[in-house]
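The values are calculated or read from the model by the stated rules, or taken from the named source; none is laboratory data. Bear in mind the structure is a predicted one, so any value in this text is a computation, not a measurement. So basically every Cβ, Gly included, is an ideal-geometry build from the backbone, and we count neighbours across all protein chains shown.
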Amino acid sequence: MATTVKIPIKDQNLVSSLQDFFKTMLRDGDITGLMVAQHLPMKSSVMPTLVTDPDKLDAVDPLAPVFPMNAAKVVSKLTRKPLGGKVAVVLRPCEIRAFIELVKLKQGRVDDVVLIGIDCLGAYSNVHYPAFVGEDGMEATARFYRNIQEGKGTACDGFDLSPACKACEYPIAENADVLIGVVGMDIKDHLLAKANTSRGEDLLDNLGLSSTGEPEQRKKEIEKLVAERIAYRDQMFAETSEATADLEKLVNYLSNCVNCYNCRVACPVCYCRECVFLTDVFDHEPSQYLRWAKRKGILKMPTDTVFFHLTRMAHMSTACIGCGQCSNACPNNIPVMEIFRTVAHQTQKAFDYEAGRSLDDEPPLSIFREDEFQEVVAKMH
């Protein structure tokens, strides 16, 4: 049986109890540092921080319903070479899945890191979170979880969780070294921390916490949450497929793109050191624009916007983990997450591959399988 311990909730304060847990981990967990999201002095700002001093954890809040960036890229930078110590990183499930993809793409290493995942109930967009949080970030997080537990849902003042979160069927970080369970738990009494690996067991065994088991209610609540998200996801797939069903519709769908490339920068698994769209391949001669315009009498500027997205889809659909940071970063509110997830779901299904599930799953196109796509091979003979 995997090591499973209680994280006691003191004074019904979920966030401060997690802070105490992380302080204990940093003091007694045989780790050199802890990377975890914290409220920064700037209003409404919650960002990853690398902490080595337990006394610097008083603003920690990995439960805050905001997701300004996918921290997988940060972890990959930390782990590309030996760190000189072991670091525990607290991540959302989609961040862990993105990091696993980056490790398989030789962009990071797991040797010096302990992955800690927390059940994810979703996040508001970067635009909506400041309206939700008000003046007190810690209280806002408590209110978010209190509303969910009381059956009030996640909608607030006319907005709700980001579509990426509502469509995410992986709210539980089963591939973490240590999983912190929130769903189906009595958050006024305790959370659970479960070791999924020997690395996780080594960490928890040093903390001196009481053993516990997973309540039956937790399994039921997880199944209910996943079912709701799959239903939303499938509806999103159907609507997006219809909205992009032909070239004309696709052009309209992406018509507000200004080639800022924010979606590419925000994507955690887009890792090329040099993007082809920043090379002279797309640095067209001025006269070329006139020639294109003369063909139809009009040319949408900037050019190459649709080609950019098609190229990214071809490049990234096997590794997309659906975190939604592409949409979060878009200045013109183009639903790029929806089309990327729709295409990625189909691509990964075709390869019988689930991005970020396990380090043991080899990425599509990286290996040759003799029996792959027999329906295509048969037509060629």
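A search for C-beta distances below 7 Å between a residue of region 296-312 that is over 15 Å from L250 (Cα atoms) and any residue that is assigned to a helix (DSSP H, G or I), counting only pairs 6+ apart in sequence or on different chains, returns L299/Y289; L299/W292; L299/A293.
The residue of region 189-211 that is surrounded by the fewest Cβ atoms within 10 Å (Cβ to Cβ), among those that are over 14 Å from V114 (Cα atoms) and under 27 Å from the mean Cα position of the chain (by Cα), is H190. Output the residue which, of all residues in region 36-65 that are touching a residue at least 60 places away in the same chain (Cβ under 8 Å) and touching a Ser or Thr at 6+ places or on another chain (Cβ under 8 Å), is farthest from D20 (Cα to Cα). Within region 36-65, the match that is farthest from D20 (Cα to Cα) is P65. Those helices (runs of 4 or more DSSP H) of region 276-366 in which at least 2 residues are under 22 Å from P93 (Cβ atoms), considering only elements entirely within it, cover 325-329, 336-350. Among residues of region 248-268 that are assigned by TED's automatic domain parsing to the domain that holds F340, none has a Cβ under 6 angstrom from a residue that is among the acidic types (D, E) at a sequence gap of 6+ or on a separate chain. Entry remark, region 342-361: residues being closer than 28 Å to R109 by Cβ and either modelled with pLDDT under 90 or surrounded by 15 or more Cβ atoms within 10 Å (Cβ to Cβ) (or both) number 9 in total.
Only helices (runs of 4 or more DSSP H) whose full extent lies in region 14-112 are considered here, and the ones with at least 2 residues that are farther than 26 Å from Y271 by Cα and among the hydroxyl-bearing types (S, T, Y) are 14-28.
Taken as a whole, the structure leaves K294 outside the set of residues that are closer than 23 Å to N262 by Cβ, charged (D, E, K, R), loosely packed, with under 15 Cβ neighbours inside 10 Å and at pLDDT below 90.
C257 meets the conditions (1) surrounded by 11 or more Cβ atoms within 10 Å (Cβ to Cβ); (2) over 26 Å from the mean Cα position of the chain (by Cα); (3) under 16 Å from I339 (Cα atoms) in every case but one. The failed one is (2). Could you tell me how many of the residues in region 104-142 are under 18 Å from M47 (Cβ atoms) and among the β-branched types (V, I, T)? Number satisfying all stated conditions: 5. Counting only residues that are in contact with a helix residue (DSSP H, G or I) (Cβ under 9 Å, 6 or more places away or on another chain) and surrounded by 15 or more Cβ atoms within 10 Å (Cβ to Cβ), region 212-231 holds 1 of them.
Of the residues examined, C272 is not one that is surrounded by 14 or more Cβ atoms within 10 Å (Cβ to Cβ) and under 23 Å from V75 (Cβ atoms).
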